[in-house]
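One structure is given here, and the rest of the page talks about it.
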Amino acid sequence: MTESEKKRNTVIFTIITAALNVVLTLLIILALFTLCVILFYKVLNFQTSIAIQIAMPILLIGSLIIDFFISIRLIRIAIIKFGLEDKINAKVANQYLHGKQRHADTDNQ
């Protein structure tokens, strides 16, 4: 595979992962918001919206943290499943596979 093909594949890979990361973040925010609304208004019977207003920054930060861990694992799985290690830039592939390779190296010792 030529260097220009790897560069093109890396750009496509980055665009797709960024778009999917945005969608995943929005889904996590929606799920956490729904859980909070059910908890606050159905279970705890709050009458005002102040609880949701206080919870929203926490939900946002929590969803970003959850998205970070989930997206790295999903990207790692995609790289391994579709054999993208040699089709994209080595630095990009190693960024996601580094932890996996390190664990595999310690298992072999």
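The values are calculated or read from the model by the stated rules, or taken from the named source; none is laboratory data. Treat the numbers as computed from the prediction; the structure is a model and nothing was measured. Cβ sites come from the backbone with ideal geometry, for glycine too, and all protein chains shown count toward neighbours. These accessible areas exclude ligands, DNA and RNA; they are computed on the full protein's heavy atoms, side chains included. Shrake-Rupley method; radii C 1.70, N 1.55, O 1.52, S 1.80 Å.
Among rounded, prolate and oblate, which fits region 1-55 when a ≥ b ≥ c are the square roots of the eigenvalues of its C-alpha gyration tensor, a/c under 1.5 means rounded, and a/b larger than b/c means prolate?
Working: a/c = 9.28, a/b = 5.23, b/c = 1.78.
Taking the square roots of the gyration eigenvalues as a ≥ b ≥ c, region 1-55 is prolate.
Can you give me the Kirkwood hydrodynamic radius for the chain, using every pair of distinct Cα atoms, in Å to one decimal?
Working: mean 1/r = 0.0605 Å⁻¹.
So the Kirkwood estimate lands at 16.5 Å.
Within 10 Å, count the other beta carbons around each residue, average over each peptide in 41-49, 78-86, and list them highest first. The partial results should precede the final answer.
Working: 41-49: 9.7, 78-86: 13.2.
Top to bottom by mean Cβ count within 10 Å: 78-86, 41-49.
Over the chain, give the accessible area per residue in Å² for a 1.4 Å probe, as an integer.
On the way: 8090 Å² over 109 residues.
Per residue, the chain has 74 Å² of solvent-accessible surface.
Once the piece of chain linking N89 and L35 is laid out straight, how much longer is it, given 0.36 nm per residue of separation minus the C-alpha distance between them?
Working: separation 54, 0.36 × 54 = 19.44 nm, distance 3.98 nm.
Stretched out fully, the N89 to L35 stretch lengthens by 15.5 nm.
Where in the chain are the DSSP H helices whose C-alpha atoms run 18 Å or more along the long axis and whose mean Kyte hydropathy is at least 1.6? Don't skip to the answer; put the middle values down first.
Numbers: long enough: 3-37 (50 Å, 1.39); 50-81 (46 Å, 1.97); 90-108 (24 Å, -1.51).
Qualifying helices, which must be both long enough and hydrophobic enough, are 50-81.
How much mean residue ellipticity at 222 nm does the chain get from its helices, if each DSSP H run of length 4 or more adds -39500 (n - 2.57) and you divide by all residues, to the nearest 500 deg cm²/dmol?
Details: 3 runs with 86 residues, N = 109.
About -28500 deg cm²/dmol.
Given a 1.4 angstrom probe, I'd like the percentage of the accessible area of the chain that is carbon and sulfur, rounded to a whole number. Numbers along the way, then the final one.
Details: 5620 of 8090 Å².
Accessible surface attributable to carbon and sulfur in the chain totals 69 percent.
For the chain, what number of Lys pairs, 8 or more residues apart or on separate chains, have alpha-carbon atoms under 17 Å from each other? Show your work: numbers first, answer last.
Working: K6/K87; K6/K91; K7/K87; K7/K91; K81/K100; K91/K100.
Lysine pairs meeting both conditions in the chain amount to 6.
For region 1-84, give the magnitude of the charge dipole about the Cα centre (Cβ charges: +1 Lys/Arg, -1 Asp/Glu; no others), in debye to the nearest 20.
Numbers: 7 positive and 3 negative charges, 40 e Å.
Dipole size: approximately 180 debye.
Averaging sequence separations of C-alpha pairs under 8 Å and six or more residues apart, then dividing by the length of the chain, give the relative contact order as a whole percent.
On the way: 48 pairs, mean separation 42.0, N = 109.
39 percent.
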